[in-house]
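S.K.: What follows is a single structure, and I will ask about it in a moment.
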Amino acid sequence: MIDRSIKYPARFSIFLVTLCATPVVDRLASLSEYVTYINTFYRLLSLATCLVVCVGFPKIVTLSSRALLIPAIYVVTFIITSMRGVNPEFSIDNRLFLLPLIMVDFFQWFLAGLIFNEKSFQKKVYFYGAIYGFISIVLALTDLIDVDQARVIAGPDIPVALVAAIASNQVIYAVFLMVAAIGSLKKTVVLCSVGGAAIALFLMRVGRTKKKKVGGKRFKYPAFLQFTIFVGIVIPFLFVAFPYIDQTVVRLFGEQEDVMRTAMFDEFNYLLPIYFPWGTGYYTFGYLTRDTISYGTLTADGREVLGMSLHNTILHVLLEGGAIVFGCFVILYSASIVYAIKLFKSLETRPVAIVMLSWLFVALVYGLTNQLHATRYYFGIVGFCYGVYYRYRQVQFTGVRNALFVRDGISI
């Protein structure tokens, strides 16, 4: 078990805080016209804290190199495809050369899964997710973000945090995050939150045994304190977020067919037989359809790029990446699902497997209607799955002095 009597270096906690606080930094950075530069700098800063943690760990270079092989092939192939594609300048204008940063996402989450106790990681994920949700609602109410253009919450940050809260049996956080999701003005965020929560609860129910209930201890605070927290925090937040909750419900049940997405699918079906298996290049769908689909994509720093981006990650890698890039995508996600299923079969690893399967569900569902490939979770979640599996199934750490490790010398 974890030896909590030892004093451990602060750099381990700094790495987890830096990684899990990324949504909060992104949200605040969106207020600046230099948002791309701020986010890029912060990701590199987070990588630096990650590398500091790596120093001195056995087999870290070997394991990281093995895990990063497929992501590296994905990135290199996509860049080569883009430079030989239909319009390299268009790809470069859409930040092609920031594509290697998804390897940073993979490596950071891989390290979090490989080294740290998943409960410590999940705790920070839902804590900073709640802060992100609160800040987003407040910024929307004060008109500091354009909710018509960017919604209140657009990414999978809240669904990911919600799953972590449910898996940790943190009821107050789970309710708070669900309120934030419903007030997001984004149908996909609501769908992923409800679906991810349902998957997590179902797997927790299925995974129970007579000896032990999976998912950790129940909410440890007295009932009176739970009630006080609920009345003092969650209910006021519900009233604050209500205007956006009402609009989200209208969007969920009142909107008609999305004409632009229908046109996107029609154009994709026309272009795929022409350009597959070689690929058109990074974000070049908008270039190819600029005359047939009247659409302008607004980047994070406020630039408008003519042409519609493929709001579907699978279609993105199929058409723009080509066969090799799509193959890498399939390998990464298929392996992650297989790893999670294998870990679910063991009582000891079932709690973290529930989180892995629920996060993979959120990622895949979000990616069907949005640009998951533009978020840190695209490669981050699969990196976490790889890291956890390597730790439990292949790695034998001995003599490690770190309170965040599950145990020393594990070999299943």
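S.K.: All but one of (1) open to solvent by 20 Å² or more (accessible area, probe 1.4 Å); (2) at pLDDT 60 or above; (3) not small (Gly, Ala, Ser) hold for Val179, so report the exception by its number.
M.R.: Only one criterion in (1) open to solvent by 20 Å² or more (accessible area, probe 1.4 Å); (2) at pLDDT 60 or above; (3) not small (Gly, Ala, Ser) is unmet by Val179, namely (1).
S.K.: Does Phe121 satisfy being within 25 Å of Phe12 (Cα to Cα), hydrophobic (A, V, I, L, M, F, W, C) and open to solvent by 10 Å² or more (accessible area, probe 1.4 Å)?
M.R.: Judged against the criteria, Phe121 is not a match.
S.K.: I want to confirm something. Restricting to the stretch 127-151 and keeping residues that are free of Cβ contacts under 8 Å to residues at least 40 places away in the same chain and either over 14 Å from Ala180 (Cα atoms) or among the hydroxyl-bearing types (Ser, Thr, Tyr) (or both), which single residue is surrounded by the most Cβ atoms within 10 Å (Cβ to Cβ)?
M.R.: So the residue we want is Asp146.
S.K.: Under the condition of being in contact with a helix residue (DSSP H, G or I) (Cβ under 6 Å, 6 or more places away or on another chain) and assigned to a loop (DSSP other than H, G, I, E, B), which residue from the stretch 127-169 is nearest to His311 (Cα to Cα)?
M.R.: Of everything passing the filter in the stretch 127-169, Pro156 is nearest to His311 (Cα to Cα).
S.K.: Out of the residues in the stretch 107-117 that are open to solvent by less than 20 Å² (accessible area, probe 1.4 Å) and part of a helix (DSSP H, G or I), state the one that is farthest from Arg350 (Cα to Cα).
M.R.: Gln108
S.K.: Scan the stretch 76-97 residue by residue and report those that are under 14 Å from Gly327 (Cβ atoms) and free of Cβ contacts under 8 Å to residues at least 60 places away in the same chain.
M.R.: Val76
S.K.: Please verify whether the stretch 359-376 includes one or more residues that are under 19 Å from Val325 (Cα atoms), hydroxyl-bearing (Ser, Thr, Tyr) and crowded, with 24+ Cβ neighbours inside 10 Å.
M.R.: yes
S.K.: Filter the stretch 55-94 down to residues that are closer than 23 Å to Gly383 by Cβ and among the aromatic types (Phe, Trp, Tyr) and give me whichever is surrounded by the fewest Cβ atoms within 10 Å (Cβ to Cβ).
M.R.: So the residue we want is Phe57.
S.K.: Shifting gears a bit: What are the residues in the stretch 32-54 that are small (Gly, Ala, Ser) and surrounded by fewer than 17 Cβ atoms within 10 Å (Cβ to Cβ), if any?
M.R.: Ser32, Ala48
S.K.: Against the definition (closer than 30 Å to Tyr173 by Cα, of a type outside the set (D, E, K, R) and in contact with a Cys (Cβ under 9 Å, 6 or more places away or on another chain)), how does Ile115 come out, yes or no?
M.R.: Judged against the criteria, Ile115 is a match.
S.K.: List the residue pairs whose Cβ atoms are under 7 Å apart, where the first residue sits in the stretch 273-289 and is assigned to a loop (DSSP other than H, G, I, E, B), the second is open to solvent by 60 Å² or more (accessible area, probe 1.4 Å) and at pLDDT 95 or above, and the two are 6 or more positions apart or on different chains.
M.R.: Final answer for the pair search is none.
S.K.: Can you find, within the stretch 342-352, the residue that is surrounded by the fewest Cβ atoms within 10 Å (Cβ to Cβ) among those that are assigned to a helix (DSSP H, G or I) and out of contact with any Ser or Thr (no Cβ under 8 Å at 6 or more places or on another chain)?
M.R.: Out of the qualifying residues, it is Lys342.
S.K.: Those residues that are over 21 Å from Ile60 (Cβ atoms) and modelled with pLDDT under 90, I need them from the stretch 101-136; list them, please.
M.R.: The answer is Lys119, and nothing else.
S.K.: Could you tell me how many of the residues in the stretch 13-70 are among the hydroxyl-bearing types (Ser, Thr, Tyr) and over 19 Å from Ala112 (Cβ atoms)?
M.R.: Qualifying residue count, the stretch 13-70: 6.
S.K.: Can you list residue pairs whose Cβ atoms sit under 7 Å apart, with the first residue in the stretch 16-31 being open to solvent by 20 Å² or more (accessible area, probe 1.4 Å) and the second being of a type in the set (D, E, K, R)? Count only pairs 6 or more apart in sequence or on different chains.
M.R.: Matching pairs, first to second residue: Val17/Lys124.
The values are calculated or read from the model by the stated rules, or taken from the named source; none is laboratory data. Since the model is a prediction, treat every value here as computed from it, not as a measurement. Every residue, glycine as well, gets a Cβ built from its backbone with ideal geometry; the counts of neighbours run over all protein chains shown. The accessibility values were calculated without ligands, DNA or RNA, using every heavy atom of the protein model including side chains. Shrake-Rupley method; radii C 1.70, N 1.55, O 1.52, S 1.80 Å.
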